[in-house]
Amino acid sequence: MRVVRFLAFDARAAAPIPVLLVYRRLSTIVLTIITLLVFRFLENKGLTVPAAMRNLRSWIVGNDRPGWISVQK
């Protein structure tokens with residue numbers, strides 16, 4: 001399946017653009033540009049937006065991922 005594009009960006013990476021249209025401030029413009037540039041860089045390295053988000057989640061959580069702590073007694 002092909003990736004949906006919005007102005008040469010992955011549509012999921014362009015999610016801050018509607019926020020920019022509603023809340024037009026310098027901070028929102030900078031945040032939108034930084035977000036688009038980061039995801040463009042990752043895409044050029046071969047990492048898609050969903051893969052990048054999974055990678056970020058894995059980096060935040062770390063190696064210790066206990067599951068069902070309250071269930072295992």
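The values are calculated or read from the model by the stated rules, or taken from the named source; none is laboratory data. Only a predicted model underlies this, so the values are computations on that prediction, with no experimental measurement involved. Here Cβ is always computed from backbone atoms with ideal geometry, including for glycine, and neighbour counts include all displayed protein chains. Protein only, heavy atoms only, side chains kept; ligands, DNA and RNA dropped before computing areas. Shrake-Rupley method; radii C 1.70, N 1.55, O 1.52, S 1.80 Å.
The table that follows gives values for the structure above.
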quantity	calculated
Failed item in (1) at negative phi; (2) over 13 Å from the mean Cα position of the chain (by Cα); (3) open to solvent by 60 Å² or more (accessible area, probe 1.4 Å); (4) without any contact (Cβ under 8 Å) to a residue 24 or more places away in the chain, with V3 passing the rest	(4)
Any hit, the range 21-34, residues being exposed (fewer than 15 other Cβ atoms within 10 Å of the Cβ), polar (S, T, N, Q) and modelled with pLDDT of 85 or more	yes
Residue in the range 12-22 that is nearest to V49 (Cα to Cα), counting only those that are in a helix (DSSP H, G or I) and of a type outside the set (A, V, I, L, M, F, W, C)	P16
Count of the range 6-25 residues which are in contact (Cβ under 8 Å) with a residue 24 or more places away in the chain and either on the phi > 0 side of the Ramachandran plot or of a type in the set (F, W, Y) (or both)	1
Whichever residue in the range 23-53 is not hydrophobic (A, V, I, L, M, F, W, C) and not in a helix (DSSP H, G or I) and, among such residues, is farthest from F6 (Cα to Cα)	R25
First in the range 27-44 and over 10 Å from F9 (Cβ atoms), second anywhere and at pLDDT below 90 and open to solvent by 50 Å² or more (accessible area, probe 1.4 Å), Cβ under 7 Å, 6 or more apart	T28/V19
